[in-house]
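A.B. asks: Got a structure for you, written out below as structure tokens; questions coming shortly.
The values are calculated or read from the model by the stated rules, or taken from the named source; none is laboratory data. Every value quoted in this text rests on a predicted model; they were computed, and no experiment measured them. Positions of Cβ are generated from backbone atoms using ideal geometry, with glycine treated the same way; all protein chains shown enter the neighbour counts. When the accessible area is computed, the model is the full protein with side chains, heavy atoms only, and any ligands, DNA or RNA have been set aside. Shrake-Rupley method; radii C 1.70, N 1.55, O 1.52, S 1.80 Å.
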Amino acid sequence: MDPTEKAVYLTFDDGPIPEATPFILDTLDRYGVKATFFMVGDNVGKYPHLKQQIEDKGHRLGNHTFNHIGGFGYHSKEFLENTYKADALIHSHLFRPPRGWMRWTQYMILRKKFTIIMWDVVTRDYSRLLTADEVVDNVKRYTRPGSIITFHDSLKSIDKLRTALPRSIEWLQQEGYEFKLFDENQPRSRHLK
């Protein structure tokens, strides 16, 4: 995003799930921050009320495939069908491939319908090898104006997020960063990272 603007874009991958999403939403509310949730279609099907809560609170929705599948592990037809199946539940023009993996042909087809959003700061909140303090350190070390920061709305992350998310938001606010959302009217063919 614009490197001259002191702004960041918070994103959450893999949800929604009842063990993590309510905490994330409450934390974002407490700090007056909006974010984009790249959701797995299967989770949306299981927990439609959580998707609705995310929407009702003014956050953006994004597609993260139906079964969290990476493009390299599947034929393009399967990957695309899985993505469109998720779109039938999520209804968003934003897409992020799981693990950032997709084949060139998949990208060329999907960019006609979706704005593809990657990231430049992955917090690694899902890693068993990192502590919550180290997750916050990743945010501090790698964030710069225009950064797209990725946390995870998942069981692997929630224990660290309880500490790391509020502390990261507090640090970003102290540093003077504005929290922005992706434009709903952004051109669909634009690849953002």
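A.B. asks: Hey, could you check the range 20-68 for residues that are basic (Lys, Arg) and under 21 Å from MET118 (Cβ atoms) and say which is most open to solvent (accessible area, probe 1.4 Å)?
C.D. replies: LYS34
A.B. asks: For the range 69-102, which positions are surrounded by fewer than 18 Cβ atoms within 10 Å (Cβ to Cβ), within 22 Å of ILE148 (Cβ to Cβ) and in contact with a helix residue (DSSP H, G or I) (Cβ under 6 Å, 6 or more places away or on another chain)?
C.D. replies: GLY70, TRP101
A.B. asks: Return yes when ILE149 is surrounded by 20 or more Cβ atoms within 10 Å (Cβ to Cβ) and either over 14 Å from the mean Cα position of the chain (by Cα) or not charged (D, E, K, R) (or both) and no when it is not.
C.D. replies: Yes, satisfied.
A.B. asks: Of the residues that make up the range 43-66, is at least one without any contact (Cβ under 8 Å) to a residue 24 or more places away in the chain and in contact with a helix residue (DSSP H, G or I) (Cβ under 7 Å, 6 or more places away or on another chain)?
C.D. replies: no
A.B. asks: Tell me yes or no: at least one residue of the range 112-119 is of a type in the set (D, E, K, R), in a loop (DSSP other than H, G, I, E, B) and open to solvent by less than 10 Å² (accessible area, probe 1.4 Å).
C.D. replies: No: zero hits.
A.B. asks: Filter the range 129-141 for residues that are touching a residue at least 12 places away in the same chain (Cβ under 8 Å) and in a loop (DSSP other than H, G, I, E, B) and give the result.
C.D. replies: LEU130, THR131
A.B. asks: Under the condition of being out of contact with any Phe, Trp or Tyr (no Cβ under 8 Å at 6 or more places or on another chain) and among the polar types (S, T, N, Q), which residue from the range 51-91 is modelled with the lowest pLDDT?
C.D. replies: Only one residue fits best here, namely SER76.
A.B. asks: Which one of these does TYR126 not meet: (1) within 16 Å of the chain's Cα centre (by Cα); (2) not in a loop (DSSP other than H, G, I, E, B)?
C.D. replies: It is condition (2) that TYR126 fails.
A.B. asks: Among the residues of the range 92-123, write down those that are at positive phi and of a type outside the set (Gly, Ala, Ser). Steps first, answer last, please.
C.D. replies: If we filter the range 92-123 for residues that are at positive phi, which is where we start, we get 99-100.
The answer is ARG99, and nothing else.
A.B. asks: Show the residue pairs that are 6+ apart or on different chains and have beta-carbon atoms under 7 Å apart, the first residue being within the range 1-17 and closer than 10 Å to SER147 by Cα and open to solvent by less than 10 Å² (accessible area, probe 1.4 Å), the second being of a type in the set (Lys, Arg) and in a loop (DSSP other than H, G, I, E, B).
C.D. replies: Close Cβ pairs satisfying both conditions: ALA7/LYS180.
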